[in-house]
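One structure is given below, encoded as structure tokens.
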Amino acid sequence: THKGSFELAVRATGSVTDKLHTLEKGARVGIRGPFGNGFPIDTLKGKDILFVAGGIGLFPLRSLINYVMDNRKDFGEVNTLFGCRSPQERIFIGQLAEWDKSKDMCFMETVDRVPDDSWQGNVGVITTLFPKISFNPAATYAIVVGPPIMYRFVITDCLKKGLADDHIIMSLERRMKCGVG
């Protein structure tokens, strides 16, 4: 929905991504892709959406959240849950603040641990937010992206809230290996 723009978020975790972080502004980078299946937009239209992002799982999920917010009339209620290990690991902080103030979505976030008293929000794993949200399971699709350990617990909570298996969509972002894995 943002014509003429292209954004990438890259965490330095290996030789290729480390090298990207040393490039100077204006350096040329070759891009291939996109790879994968994408998200089933047509299936999601007219439905309520529960986004669950853990850590850097927000990278791929953010584009879908932006699409839904840019086409808000095409979707029902939107709940967005974001969790990370510590306040220092929060990403897209400006956009998180926008989502928190938005009347078009219910946004909640949490951090696993807090090293000091600077964090005023929820403390605990992302599933500690599930008791604080409500949704109609028959009309809701959950889209979940995050670390593998998170999936087991988030799926369990989604099922406890009545979501059907085929209404839970996951992306395995940790297995990409720079798009060749």
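Computed from the coordinates by the stated procedures, all read-outs in this text should not be read as laboratory data. Given the structure is predicted, the values throughout are model-derived calculations rather than measurements. Reconstructed Cβ throughout: ideal geometry from the backbone, glycine too, with neighbour counts over all protein chains shown.
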Are there DSSP H segments in the chain that both extend 15 Å or more along their axis (alpha-carbon positions) and score a mean Kyte-Doolittle hydropathy of at least -0.5? List them, or say none.
58-70, 148-160
Show which lysines lie in cross-link reach of residue 19 when reach means a straight Cα distance below 19 angstrom and same-chain residues fewer than eight apart are skipped.
177
Mind checking which lysines have their C-alpha under 23 Å from residue 45, skipping anything on the same chain fewer than 8 residues away?
3, 73, 103, 161
Can you tally the net charge around residue 158? Count Lys and Arg as +1, Asp and Glu as -1, for every other residue whose Cβ sits under 15 Å from the Cβ of residue 158.
+1
Selected from 67, 151, 141 as most flexible by GNM, with the chain as the system and alpha-carbon contacts under 10 Å:
67
To the nearest 20 Debye, how big is the dipole of the chain about its Cα centre, given +1 on the beta carbon of each Lys and Arg and -1 on that of each Asp and Glu?
440
Could you estimate the translational diffusion coefficient of the range 20-153 from the Stokes-Einstein equation, with Rh from the Kirkwood formula over C-alpha pairs, at 20 °C and 1.002 mPa s, in whole µm²/s?
132
